[in-house]
Amino acid sequence: MRFDFSYLLKSLGWMGGLLYLADVGWFAYDGSNIDYCLAFLIGIVIGAVISSFRRKP
């Protein structure tokens, strides 16, 4: 197994973009920002790191 840095950066970029869009949508709907807890954001990073391990071709 090997670690794929490009996949890590892509997945974190996609998640950051999705969270940003969710935050903007929530602000437009409710008038307040979503408060993400630190544990939730750390869980996203850990999930991206774990999913970045790939099998050798």
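A short reminder: the numbers here are calculations on the coordinates, not readings from a lab. None of the values given here were measured: they were computed from a predicted structure. Cβ: placed from backbone, ideal geometry, glycine included. Neighbour counts: every protein chain shown.
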TODO: Working from Cα positions, state the angle (0 to 90°, nearest 10) between the long axis of helix 38-51 and the longest principal axis of the chain.
DONE: 30 degrees
Task: 0 to 90° range, to nearest 10: angle between helix 5-30 axis and the chain longest Cα axis - done: 10 degrees
Task: Low-density loop cleavage sites - trypsin sites (Lys or Arg not before Pro) in the chain, where at most 15 other Cβ are within 10 Å (DSSP) - done: 55
- [ ] Please list the equivalent ellipsoid semi-axes of the chain, computed as the square roots of five times the alpha-carbon gyration tensor eigenvalues, in descending order and whole angstrom.
- [x] 29, 12, 6
- [ ] Using label points projected 7 Å from each Cα along Cα→Cβ, tell me how many nm separate residue 6 and residue 46, to one decimal.
- [x] 2.9 nm
- [ ] Multiply the residue separation of residue 22 and residue 54 by 0.36 nm, subtract the distance between their alpha-carbon atoms, and state the gained length in nm to one decimal.
- [x] 8.6 nm
